[in-house]
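Student: Dropping a structure here in structure tokens format, bear with me for questions.
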Amino acid sequence: QVQLVESGGGLVQSGGSLRLSCAASGDIFAIYKQGWYRQAPGKGRGLVASWRIGGTTTYVDSVEGRFTISRDNAKNTIYLQMDSLQPEDTGVYFCNLDYGLGEYWGQGTQVTVSV
């Protein structure tokens with residue numbers, strides 16, 4: 001069993017920054033893909049940024065150049081550095097770990113960006 005715990009969400013003004021973290025614990029034998037997903041009110045959950053085996057990173061177009069995903073393998077933690085935040089970045093951010101045959105989700109952390 002793997003557990004994912006997110007932290008770092010909060011309220012920030014436009015142009016500000018936040019750093020989300022997701023700590024994984026449990027028996028992790030393989031990781032195919034890790035990422036951050038966002039769900040805005042009334043919207044579906046969509047990919048924001050991800051890392052996969054081989055080190056490939058992917059970003060949704062709207063955050064390219066502003067968000068950076070990184071990993072600390074020793075601590076089994078993934079981060080999302082969010083700079084130049086805008087109101088449209090508001091939503092609940094979920095951490096995801098995909099091990100190929102299944103996936104795990106964190107509980108989500110709220111990010112609110114005011115004008």
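Student: Taking all pairs of distinct Cα atoms, average 1/r, flip it, and tell me the Kirkwood hydrodynamic radius of the chain in Å to one decimal place.
Tutor: Details: mean 1/r = 0.0706 Å⁻¹.
By the Kirkwood definition, the hydrodynamic radius is 14.2 Å.
Student: Right, next: Can you give the direction-averaged projected area of the convex hull of the alpha-carbon atoms in segment 1-50, in nm²?
Tutor: 4.8 nm²
Student: Something else about it: Check which residues have an amide H placed less than 5 Å from Leu85's amide H, if you skip close sequence neighbours.
Tutor: So Leu85 has HN proximity to Gly15, Gly16.
Student: Further question on the same structure: Run the accessible area of the chain with a 1.4 Å probe and give the carbon-and-sulfur part as a rounded percent. If you can, show how the numbers build up before the last one.
Tutor: Working: 2990 of 6180 Å².
The computed percentage sits at 48.
Student: Let me ask you something else. If packing is taken as the average number of other Cβ atoms within 10 Å across a peptide's residues, how do 82-89, 99-106 rank, most packed first?
Tutor: Highest mean packing first, the order is 82-89, 99-106.
Student: Continuing with this model, one more query. On the full set of protein chains, 1.4 Å probe, figure out the accessible area of Leu11 and give it in Å² to the nearest 10.
Tutor: It works out to around 130 Å².
Student: So, one more: Please report, in debye to the nearest 20, how large the charge dipole of the chain is about its Cα centre when each Lys and Arg carries +1 at its beta carbon and each Asp and Glu carries -1 there.
Tutor: 40 debye
Student: Would you mind working out the accessible area per residue for segment 1-62, using a 1.4 Å probe, and quoting it in Å²?
Tutor: Dividing the accessible area of segment 1-62 by its residue count gives 58 Å².
The values are calculated or read from the model by the stated rules, or taken from the named source; none is laboratory data. All values reported here derive from a predicted model rather than from experimental measurement. Cβ: placed from backbone, ideal geometry, glycine included. Neighbour counts: every protein chain shown. Only protein heavy atoms, including side chains, enter the accessible area calculation; ligands, DNA and RNA are left aside. Shrake-Rupley method; radii C 1.70, N 1.55, O 1.52, S 1.80 Å.
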